[in-house]
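The values are calculated or read from the model by the stated rules, or taken from the named source; none is laboratory data. Because the structure is a prediction, the values reported are computed rather than measured. Reconstructed Cβ throughout: ideal geometry from the backbone, glycine too, with neighbour counts over all protein chains shown. These accessible areas exclude ligands, DNA and RNA; they are computed on the full protein's heavy atoms, side chains included. Shrake-Rupley method; radii C 1.70, N 1.55, O 1.52, S 1.80 Å.
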Amino acid sequence: MQVSYLGWNYLGFATQEDSGKTIESELFAALLQTKLVEDRAGCNYHRCGRTDRGVSGTGQVISLDVRTNLVSGAAVFAQEGYSGPEDDTEGKTEIDFCSVLNRNLPDDIRVTAWAPAPRLDFSARFDCDSRSYKYYFPRGNLNIAAMERAGQRLLGTHDFRNLCKMDVNNGVVSFVRRIDSVSINVVGYEEGGAGA
């Protein structure tokens, strides 16, 4: 599923111990309310990334196993103990996951798209080939030229272990990442104006 959100009223994307209201906690409240999942532990949930307190996001990707109306088809698998018909899809349509969830989510969180996973063990986190980040902030008195020079120093392949969460229990043993491009763009700036 693809999720977009305005993060101003949240303590970040990821639920953490004693963290309070997060995007993820609201998503799971809606998933449980709509009975698309039974619980978080049993739904094979993965997130592609996370954001900090007050940060908004568009195109955040999560993967999880959800209830379906279909018995067969792309990424449909029968739960253990299922004894129903093998192929009973005639006349049935899939659940409109976006509409169902959006009716149960706050207005500042939206599920914008969904697709069947390419395989049953797909993980939005571990099967992600690349990520793109865009940061928007008021220009103020920022030195754009210095920011551009600093950004260029990040290009290439580097060991980011000092900036990563050590997650060896989930198989993360390499902290080397490649940054393909960095650019600083002034958007909507007017001479003498506030700028953006």
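See the values below:
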| read-out | value |
| --- | --- |
| Residue-normalised accessible area of region 2-75, given per residue in Å² at a 1.4 Å probe | 54 |
| Label-point separation, Ala113 to Tyr133 (7 Å along Cα→Cβ), nm | 2.2 |
| For region 16-33, 3J(HN,Hα) per residue [Karplus equation, 6.51 cos²θ - 1.76 cosθ + 1.60, θ = phi - 60°, Hz, x = Gly/Pro] | 10, 4, 6, 8, x, 6, 10, 4, 4, 5, 5, 4, 5, 4, 5, 4, 6, 4 |
| Where labels lie 7 Å past Cα in the beta-carbon direction, separation of Ser174 and Glu148 in nm | 3.3 |
| Distance in nm between pseudo-label sites at Glu17 and Asp121 (7 Å out along the Cβ direction from Cα) | 3.0 |
| Karplus (6.51, -1.76, 1.60) ³J(HN,Hα), θ = phi - 60°, over region 122-132, in Hz, Gly and Pro reported as x | 5, 10, 4, 7, 8, 9, 7, 7, 7, 9, 10 |
| Fully extended contour minus Cα-Cα distance, from Ser181 to Lys35, at 0.36 nm per residue | 48.4 nm |
